[in-house]
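Colleague: Quick one: this structure, given as structure tokens, is what I'll be asking you about.
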Amino acid sequence: MNNIIKPSIFLLSTILAIPALATDGLSPIGIWLSDDKESKLEIFNCDEKLCGKIVWLKNDKKEDGSPVLDANNENEALRDRPIVGLDILTGLEKQSAKKWDDGEIYDPKSGKTYRAKIALKSADKMKLSGCINSFLCQGDNWYKSEL
């Protein structure tokens with residue numbers, strides 16, 4: 001009887017361990033604080049890809065108390081949008097357990113859109129990069145946060 005129980009316990013523990021082996025718990029979904037601690041970005045699923053929006057700015061108001069706007073947008077019709085709540089990350093596709101690519105990121109400071117990619121460094125740290133082409137990319141570290 002001991003021989004029957006031991007393989008059963010082994011089989012059960014193996015089955016329970018499979019989900020842990022399938023994923024290492026890394027996900028870019030959630031709230032992230034920029035390296036300069038000036039903004040927070042929420043990353044979420046959208047149509048089987050990843051998207052993101054600005055959910056907090058350290059300096060979200062102008063001197064007159066009005067919200068900071070997307071004043072540098074190349075499209076004049078969009079320049080009256082508040083930065084907080086602005087969708088800036090779209091269409092990132094999962095490439096591997098720790099990498100997402102082929103999306104776009106909008107930079108409200110410059111008013112330009114770039115190719116985007118994410119590389120998770122750990123459960124609490126990622127590198128978010130904007131690229132002019134496949135070779136010329138610039139990125140910053142972002143850190144898991146709460147709103």
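Colleague: Eigenvalues of the Cα gyration tensor times 5, then square-rooted: what semi-axes does that give for the stretch 27-71, in whole angstrom, largest first?
Modeller: 25, 13, 6
Colleague: Right, next: If you take the alpha carbon radius of gyration of the stretch 26-145 and divide it by 2.2 N^0.38 Å, what ratio comes out, to two decimals?
Modeller: 1.04
Colleague: Turning to a different aspect of this structure: Round to a whole angstrom and tell me the spacing of the C-alpha centers of the stretch 50-77 and the stretch 115-140.
Modeller: Using only Cα atoms to place each centre, the spacing works out to 22 Å.
Rule-based calculations on the coordinates, nothing more; no lab input. Small disclaimer: the values here were computed from a predicted structure and weren't measured.
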